[in-house]
Amino acid sequence: MNVWLTDGRSEQFGDPSGNLKEFNFEDGEHFTSLSLFPNQEGKRLGAIKFKTSHSREFYAAMINFTLQPEVPVDVASGICMGIKGRSGLDIDRLGFIFINTVKSAQLINVVYPTISKVIPKVAVGEIKSMFYQNNTSETQEFTIETSKKITQISSWSVKGKTESTFSLEVSAGIPLLVREESRYELNIGVEGTYASETSEEKTELSTCPVKVPAGKTVDVRIALGRATVDLPFTGIIKITCYNGSVLECKTSGIYKGVAYSDEKIVVNESNKMLGAA
């Protein structure tokens, strides 16, 4: 039996013989039941059978050998961390290492290693534009008000889709879109606590005072930048079990989100009066 783990390690138990049976776990898939069968003498592994959270089954057994009754294995959370065994030509012993039933899971110590090198592709959309004309001999003051509904989206997808195995709480800063003079860049916001997939809809309200000198026309344009963010991240998965045990392991994944910049206000002043020839 050959076993491959998600971290790249592998192990072989016994020598290959007979027909090959293979099972590849999908992202987020875990055990829901597992049984091992001793051979007739009770000295070797005779068969293995399991079911998964994706409603799939696997069964492999020694050919032309009588088996003893199956021995159910407590799979706890269903998340297998490794396998132990002893073998020569045959498999003499085999055991699975599972995480106990999970009480909570957190993604912590999140770092975006490439964020400083990313040049975001920003789509700038105009929210509002106004023309103000002052044909008097004194400066006039106006206030322009804007309202824009936006939806900020964030998701952290962990390698192996851990977030689909159980509810994952994320403690991290969200990448924000920031306008610096003539360019945009990504900065990390204040750390907060989020679900692994989060969406926040809000309405951005703002007011902008406008001064129009005597005999002048002022053109005011207000725009908002929007960027799709796709960043690799590293972090630590902290799993707390109902028996009080805590497991921490390094992980990595991809952050995806939609970020918005602050409003950009452009004011152009001219001598041309509206309606003038």
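The values are calculated or read from the model by the stated rules, or taken from the named source; none is laboratory data. In this text the structure is predicted, and so the values were computed from the model without any measurement. Here the Cβ positions follow ideal geometry from the backbone for every residue, glycine too, while neighbour counts run over all protein chains shown.
So which of Lys128, Lys149 ends up being free of Cβ contacts under 8 Å to residues at least 60 places away in the same chain, farther than 18 Å from Asp230 by Cα and over 16 Å from the mean Cα position of the chain (by Cα)?
After applying the criteria, what remains is Lys149.
Tell me which of these Phe166 doesn't satisfy, since it passes every other one: (1) part of a strand (DSSP E or B); (2) surrounded by 15 or more Cβ atoms within 10 Å (Cβ to Cβ).
Here Phe166 clears every test but (1).
With the condition kept exactly as written, say whether any residue in the range 136-150 is buried (at least 19 other Cβ atoms within 10 Å of the Cβ), in a strand (DSSP E or B) and small (Gly, Ala, Ser).
no
Does Tyr184 meet the test of being of a type in the set (Phe, Trp, Tyr), touching a strand residue (DSSP E or B) at 6+ places or on another chain (Cβ under 7 Å) and over 30 Å from His30 (Cα atoms)?
yes
Got at least one residue in the range 176-189 being assigned to a loop (DSSP other than H, G, I, E, B), within 13 Å of the chain's Cα centre (by Cα) and hydroxyl-bearing (Ser, Thr, Tyr)?
The first filter runs over the range 176-189 and keeps only residues assigned to a loop (DSSP other than H, G, I, E, B), leaving 181-182, 189.
Going one step further and asking which of them are within 13 Å of the chain's Cα centre (by Cα), we end up with none.
For the range 176-189, residues assigned to a loop (DSSP other than H, G, I, E, B), within 13 Å of the chain's Cα centre (by Cα) and hydroxyl-bearing (Ser, Thr, Tyr): absent.
Does Asn39 satisfy being at pLDDT 85 or above, closer than 13 Å to Ile91 by Cβ and more than 31 Å from the chain's Cα centre (by Cα)?
It is true that Asn39 is at pLDDT 85 or above, closer than 13 Å to Ile91 by Cβ and more than 31 Å from the chain's Cα centre (by Cα).
Given (1) over 21 Å from Val220 (Cβ atoms); (2) touching a Leu at 6+ places or on another chain (Cβ under 8 Å), where does Lys121 come up short, assuming only one miss?
That leaves (2) as the condition not met.
From the list Ser171, Ser164, pick out the single residue that is among the hydroxyl-bearing types (Ser, Thr, Tyr), farther than 30 Å from Ser270 by Cβ and at pLDDT below 90.
Step by step, each of Ser171, Ser164 is checked, and only Ser164 is among the hydroxyl-bearing types (Ser, Thr, Tyr), farther than 30 Å from Ser270 by Cβ and at pLDDT below 90.
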